[in-house]
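Working notes, beginning with the structure itself.
The values are calculated or read from the model by the stated rules, or taken from the named source; none is laboratory data. Remember, it's a predicted structure, so these values are computed and weren't measured experimentally. Positions of Cβ are backbone-derived with ideal geometry, glycine not excepted, and every protein chain shown enters the neighbour counts.
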2 protein chains.
Amino acid sequence: MNEDRSEVARRVAAMERLRPSRRGFMKVAAAGGAVAAFGGPDIKRALAAGENLPPNVPEWMKTLGPGVTASPYGAPSKYEKEVVRRNVGWLTASEESSINFTPIHMLEGIITPSGLCFERHHGGVPEIDPAQHRLVIHGMVARPLIFTMDDIVRFPSVSRIMFLECPANGGMEWRGAQMAGCQFTHGMVHCCEWTGVKLSTLLAEAGVAKGAKWLLAEGADAAAMTRSIPLDKALDDVIVAYAQNGERIRPEQGYPLRLMVPGWEGNVNVKWVRRIKLGDKPWHHREETSKYTDLMPDGTARQFTFVQEANSVVTFPCPERPLDGKGTYEIRGIAWSGRGKIKRVDVSLDGGDNWRSAQLQEPVLSKALVRFRLPWKWEGGPALVQSRALDETGYVQPTIEQLRKVRGVNSIYHKNAIHTWRVNPNGKIDNVQIA
Amino acid sequence: MNEDRSEVARRVAAMERLRPSRRGFMKVAAAGGAVAAFGGPDIKRALAAGENLPPNVPEWMKTLGPGVTASPYGAPSKYEKEVVRRNVGWLTASEESSINFTPIHMLEGIITPSGLCFERHHGGVPEIDPAQHRLVIHGMVARPLIFTMDDIVRFPSVSRIMFLECPANGGMEWRGAQMAGCQFTHGMVHCCEWTGVKLSTLLAEAGVAKGAKWLLAEGADAAAMTRSIPLDKALDDVIVAYAQNGERIRPEQGYPLRLMVPGWEGNVNVKWVRRIKLGDKPWHHREETSKYTDLMPDGTARQFTFVQEANSVVTFPCPERPLDGKGTYEIRGIAWSGRGKIKRVDVSLDGGDNWRSAQLQEPVLSKALVRFRLPWKWEGGPALVQSRALDETGYVQPTIEQLRKVRGVNSIYHKNAIHTWRVNPNGKIDNVQIA
């Protein structure tokens with residue numbers, strides 16, 4: 001975080017005004033029977049009310065639970081069964097070429113569990129035998145090479161925590177579809193720790209020919225998903241990844257090998273990658289002409305709009321997680337930028353008239369999700385909750401009006417506008433668009 | 001990383017000598033039919049050999065795979081079914097009071113997937129209904145309080161990536177058991193991103209009484225697992241955690257609530273925590289007297305040895321992952337310290353006579369796993385591979401002889417000695433102890 005001292009001082013002062021002080025908490029608690037601002041009830045009152053609580057002994061303390069052979073590979077509690085990826089049936093013609101969404105409204109921190117990372121497929125999930133999988137590097141290279149998985153894993157490797165976002169994230173909101181929840185407005189994003197070999201390392205093996213400027217990456221799925229990527233980016237920070245959150249990549253995320261292109265739209269992060277061809281110009285394949293271009297108001301299309309610009313969303317409160325009466329809460333959300341580090345996230349409670357800077361959870365990593373938090377005392381009135389991300393390049397997340405003015409309403413992709421949740425006096429939250 | 005420039009320069013130079021240069025790779029590749037140092041075979045040769053490889057079309061590209069409703073909560077590929085937690089049958093009398101081990105030899109980076117985090121139970125895994133779970137804070141406090149899960153989650157929260165290690169990690173090696181693999185010698189460790197409320201925040205609500213110096217934390221399992229913790233630590237960085245790697249904590253890791261005590265031995269990170277009592281001295285409960293004390297040569301026992309000192313292990317090569325013929329490899333491993341950041345990891349290939357500093361993967365976080373890497377050209381001879389971690393306090397991981405000299409061989413706990421893998425000319429790796 002590079003900021004001048006006065007800005008830090010201003011922000012700390014603003015936080016102090018908002019944050020319930022220790023003394024404040026004590027005063028509330030000392031007031032007697034009333035529930036503390038954040039805290040639970042006094043224990044004597046709870047016991048008098050007959051609650052089954054410690055120091056009483058719950059049923060599950062009276063019998064031995066399962067031991068260490070019960071689940072060689074663990075799973076969430078049965079009480080968390082609603083925390084899953086969800087899709088929208090009407091969105092595409094078939095579910096093999098569709099999307100489901102990360103339940104970001106139920107997640108904390110910055111790591112997305114691999115089992116909950118959103119999926120976007122173009123021909124379903126291939127079941128690949130890693131012993132048979134090969135990666136070919138060919139085209140404008142000195143020596144076309146072919147690698148087994150064992151070859152790849154043996155190379156010097158790197159790990160990086162980074163977000164991955166589908167450019168269609170929020171796309172249903174362009175014209176005001178107003179999906180009913182945070183999972184659907186912003187859930188085409190996840191953030192994992194990826195490990196693999198820098199593509200520059202493999203290209204050094206093959207020897208890049210003079211004049212090569214682009215590469216084609218092809219996946220081993222039924223769609224042979226294919227994208228053109230500038231060689232500059234490939235030599236900068238692209239990773240041929242074999243692991244995700246410590247273990248080998250999940251099938252639906254590209255097992256056994258995925259091209260990870262930090263900060264760039266999800267579909268260029270080609271899953272199940274089996275072929276990289278070098279050339280002197282882009283290939284203009286299906287998924288970079290008929291799809292993944294941005295249709296402008298004048299009928300032309302922006303092509304190769306790779307970078308996912310700064311974006312953010314408040315994940316609590318949100319339509320799926322209403323407020324439970326007046327009192328003090330912590331507003332929480334995630335922010336990210338495909339251009340580098342998030343520098344600041346501002347939060348508004350009045351639809352953008354006033355802004356306060358949120359606290360960013362360290363470590364703030366480049367091209368990764370950042371968790372932001374801001375304490376808020378809700379007095380029970382209506383509110384319009386927004387977040388606005390700023391990144392280290394100086395880019396500021398735009399309003400939907402600013403975005404429409406430049407891009408019109410034809411596009412599906414790259415909607416990163418400031419989003420608004422309306423808090424109703426009953427605590428329920430609506431997804432709204434305000435001018 | 002705080003280091004002076006000359007140290008950095010020295011280390012960079014050392015790395016350069018070892019690292020296969022780009023030119024080096026090309027020379028090998030250009031030599032013709034030979035397999036490159038790291039790389040795969042020339043594509044023409046592979047095709048001539050009849051390999052089923054790109055640009056051929058594998059079977060899984062010819063049919064649509066499952067779509068986006070197939071797995072609302074994902075799972076690893078069936079080809080990874082050997083990457084699981086494993087236990088050792090003879091270790092304890094019952095599997096409800098036993099341990100299984102993280103497959104660290106198959107993991108990359110620093111994040112451990114929640115499903116693979118080692119387990120240590122004292123009465124099995126309770127199946128807790130979060131709606132019925134309560135946390136009580138009582139004893140030497142101004143106001144005993146009781147919290148529901150909703151109360152806890154509503155508090156200002158923090159996230160932290162940190163390791164957790166059982167003090168018995170490596171314990172079977174004290175007297176030279178020489179377990180057959182890295183999973184069993186060092187697999188009682190994991191590293192996740194945990195989210196929760198600082199315990200200091202909850203204690204401020206309850207109001208710490210004058211004279212309080214310790215707390216007792218009790219779990220809601222059939223063992224009512226209970227430990228005493230100094231209040232200073234509780235007010236420093238202890239977290240009452242409700243989330244692990246983004247989602248709610250897994251049942252076997254403490255669902256729905258776990259005390260996370262950064263850098264301290266695993267058992268004080270009380271799972272299923274339901275009660276925190278403040279007092280002026282420790283309680284001397286079962287698990288801090290008959291267990292979790294270190295029996296010294298003179299028959300006395302060290303008690304309350306909380307901190308997990310700096311430790312490290314090479315996870316590749318290791319007994320489960322032998323070398324596949326002469327050539328260039330990347331030695332990989334993990335290091336950690338309960339006292340703060342890892343400053344440096346040295347690797348020896350000759351049993352400790354000579355050391356080279358490994359590359360540390362950024363970000364290097366305090367009290368978290370750190371991934372280290374070092375390129376190595378194996379000429380096919382015998383080698384004794386070791387790693388040695390140094391932390392920011394100046395602590396250096398000891399040899400087994402140094403440790404035995406001070407602590408004898410009676411103890412099960414806190415073995416953090418430098419570990420040795422012997423590389424045999426056939427590439428197989430043995431677990432050995434050398435003087």
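B:His138 passes every criterion in (1) at the interface with chain A (Cβ under 8 Å from one of its Cβ atoms); (2) surrounded by fewer than 22 Cβ atoms within 10 Å (Cβ to Cβ); (3) closer than 30 Å to A:Arg120 by Cβ apart from (3).
Residues being within 20 Å of the chain's Cα centre (by Cα), within 13 Å of chain B (Cβ to nearest Cβ) and touching a residue at least 60 places away in the same chain (Cβ under 8 Å) are represented in the range A:163-182 by at least one member. Reported count of residues in the range B:295-310, each being farther than 16 Å from B:Trp174 by Cβ and over 19 Å from the mean Cα position of the chain (by Cα), is 5.
Scanning the range B:181-197 for residues that are among the hydroxyl-bearing types (Ser, Thr, Tyr) and within 30 Å of B:Phe147 (Cα to Cα) turns up just one, B:Thr195.
When A:Leu145 is tested against (1) within 8 Å of chain B (Cβ to nearest Cβ); (2) surrounded by fewer than 24 Cβ atoms within 10 Å (Cβ to Cβ); (3) not polar (S, T, N, Q), only condition (2) is not met. Hey, can you tell me all the residues within the range A:49-83 that are surrounded by fewer than 19 Cβ atoms within 10 Å (Cβ to Cβ) and closer than 25 Å to A:Met188 by Cα? Across the range A:49-83, the qualifying residues are A:Ala75, A:Lys78, A:Tyr79, A:Lys81, A:Glu82. Inside the range A:63-85, residues that are charged (D, E, K, R) and within 7 Å of chain B (Cβ to nearest Cβ) make up a count of 2.
Taking residues in the range A:410-432 that are farther than 26 Å from A:Glu309 by Cα, and partners anywhere that are among the charged types (D, E, K, R), the pairs with Cβ atoms closer than 7 Å and at least 6 places apart or on different chains are A:Asn424/A:Asp430; A:Gly427/A:Asp324; A:Ile429/A:Arg422. Filter the range A:95-117 down to residues that are over 22 Å from A:Gly333 (Cα atoms) and either more than 7 Å from chain B (Cβ to nearest Cβ) or not in a loop (DSSP other than H, G, I, E, B) (or both), then give me how many there are. Result for the range A:95-117: 4. For the range B:319-339, residues that are over 11 Å from B:Val370 (Cα atoms) and in contact (Cβ under 8 Å) with a residue 60 or more places away in the chain total 11.
Restricted to the range A:246-259, and to residues there that are in a strand (DSSP E or B) and touching a Phe, Trp or Tyr at 6+ places or on another chain (Cβ under 9 Å), the residue that is farthest from A:Val136 (Cα to Cα) is A:Arg248. Does B:Gln359 satisfy the criteria of being surrounded by fewer than 23 Cβ atoms within 10 Å (Cβ to Cβ) and over 19 Å from B:Gln178 (Cβ atoms)? Yes, satisfied. Checked against the criterion of being under 30 Å from A:His105 (Cα atoms) and either within 14 Å of another protein chain (Cβ to nearest Cβ) or in contact with a helix residue (DSSP H, G or I) (Cβ under 7 Å, 6 or more places away or on another chain) (or both), the candidates B:Pro251, B:Pro319 yield just one match: B:Pro251.
When you scan the range A:202-217, how many residues do you find that are within 19 Å of A:Ile152 (Cβ to Cβ) and more than 24 Å from the chain's Cα centre (by Cα)?
Qualifying residue count for the region: 9.
Output yes when any residue across the range A:71-91 is over 30 Å from B:Asn245 (Cβ atoms), in a helix (DSSP H, G or I) and at pLDDT 50 or above, and no when none is. Looking for residues that are over 30 Å from B:Asn245 (Cβ atoms), in a helix (DSSP H, G or I) and at pLDDT 50 or above, one finds at least one in the range A:71-91, hence yes.
Suppose the filter is of a type outside the set (Val, Ile, Thr) and either in a loop (DSSP other than H, G, I, E, B) or closer than 21 Å to A:Ser200 by Cα (or both); does A:Lys281 pass it? So A:Lys281 passes the test. Return the residue satisfying two criteria in turn: it lies in the range A:118-132 and is surrounded by fewer than 24 Cβ atoms within 10 Å (Cβ to Cβ) and more than 7 Å from chain B (Cβ to nearest Cβ), and of such residues it is farthest from the chain's Cα centre (by Cα). Out of the qualifying residues, it is A:Ala131.
No other residue among B:Ala224, B:Ala217 is surrounded by fewer than 20 Cβ atoms within 10 Å (Cβ to Cβ), closer than 16 Å to B:Trp283 by Cβ and within 12 Å of another protein chain (Cβ to nearest Cβ) apart from B:Ala224.
Within the range B:254-287, track down each residue that is among the β-branched types (Val, Ile, Thr) and within 12 Å of chain A (Cβ to nearest Cβ). Walk me through it before giving the result.
Filtering the range B:254-287 for residues among the β-branched types (Val, Ile, Thr) gives B:261, B:268, B:270, B:273, B:276.
Hits for the range B:254-287 are B:Val273, B:Ile276.
Just one of the listed residues (A:His186, A:His190) is within 12 Å of chain B (Cβ to nearest Cβ), under 17 Å from A:Ile104 (Cα atoms), surrounded by 22 or more Cβ atoms within 10 Å (Cβ to Cβ) and not polar (S, T, N, Q), namely A:His190.
In the set B:Pro297, B:Pro262, only one residue is part of a loop (DSSP other than H, G, I, E, B) and modelled with pLDDT under 95; that residue is B:Pro297.
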